[in-house]
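Each reported figure results from applying straightforward, stated rules to the coordinates on display, with no laboratory input. Predicted model only: the values in this text are computed from it and were never measured. Ideal geometry is used to build each Cβ from the backbone, glycine not excepted, and the neighbour counts take in all protein chains shown.
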Amino acid sequence: MNYPVLYSFRRCPYAIRARLALRASGIRVAIREVVLADKPAALRQVFARATVPVLVVNQTEVIGESLDIMLWALQQYDPQGWLPVDATLMAESRRLIAANDGEFKQALDRYKYADRFPEQPQAFYRVEAERFLALLEKRLVQSPYLLCERLTLADMAIFPFIRQFANVERDWFEQSPYPQLRRWLASLLRSPLFVSVMVKYVPWREGDPVVIC
Ligand SMILES: N[C@@H](CCC(=O)N[C@@H](CS)C(=O)NCC(=O)O)C(=O)O
């Protein structure tokens, strides 16, 4: 069988969101774990930017954006109803995800790698990132998940990044003024789905046997 090929990196939040959607959709892929410092030539050949995740379908269609991989999978099979049917809710999901991938991700990178951005102290970047956390907290006071009573695309696309934020200064996060965010994150991290997509694979090399996940 000709499985789609997923270039992935276990801890990358973009790759995690792609794996979550693929797993939720039930679409199986041949996974190729990538070492970012030593990217395989095959990845560069299919996708010059060589970021992960990248999904190659039928050896020709290349999807190099994590959100597009999520949508590609869920538009085919969405047994848990992650895609909002309502157009307004879908537009709201896209806005939230864009805020995550834009302003929040930039602040997160500076907070996580503060030594590379010595213009400001680490706490400055944390405060910048907190604007997004406060927005999520407000939503999570109103409903158990970001958009509504149920888990949807926005939760799954965003929580891998909040996980990364929480891990930068775990003690700070545990006492931060975002109790609903902590509750939400903890429940998603405990979910069998998340645990199942965090299985470790040895880095892929050309010629290795296919590993289906
Ligand atoms: N917009 C892309 C971003 C993907 C991305 O930046 N992934 C990081 C890893 S978390 C990466 O591949 N960085 C390239 C590198 O480190 O060379 C997406 O949504 O998939």
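Things worth noting here:
- Using a Förster distance of 35 Å, the FRET efficiency for Glu169-Ser143 (Cβ separation, nearest 0.05): 0.80
- Calculated diffusion of the chain, Stokes-Einstein form, Kirkwood radius summed over Cα pairs, 25 °C and 0.890 mPa s, µm²/s: 136
- Length released on extending from Ala123 to Val195, taking residue separation times 0.36 nm less the Cα-Cα span: 22.9 nm
- In the range 131-213, the chymotrypsin sites (Phe, Trp or Tyr not before Pro) that fall in loop regions by DSSP, at most 16 other Cβ within 10 Å: Tyr201
- Label-reachable residues, the range 176-205, where backbone N falls under 15 Å from a point 7 Å from Asp38's Cα toward its Cβ: 202-205
- Sparsely packed trypsin sites (Lys or Arg not before Pro) within the range 1-66, loop by DSSP, other Cβ within 10 Å at most 14: Arg11, Arg28, Arg49
- Here each label is just a point 7 Å from Cα along the line to Cβ, and for Arg183 and Glu65 those points are 3.4 nm apart.
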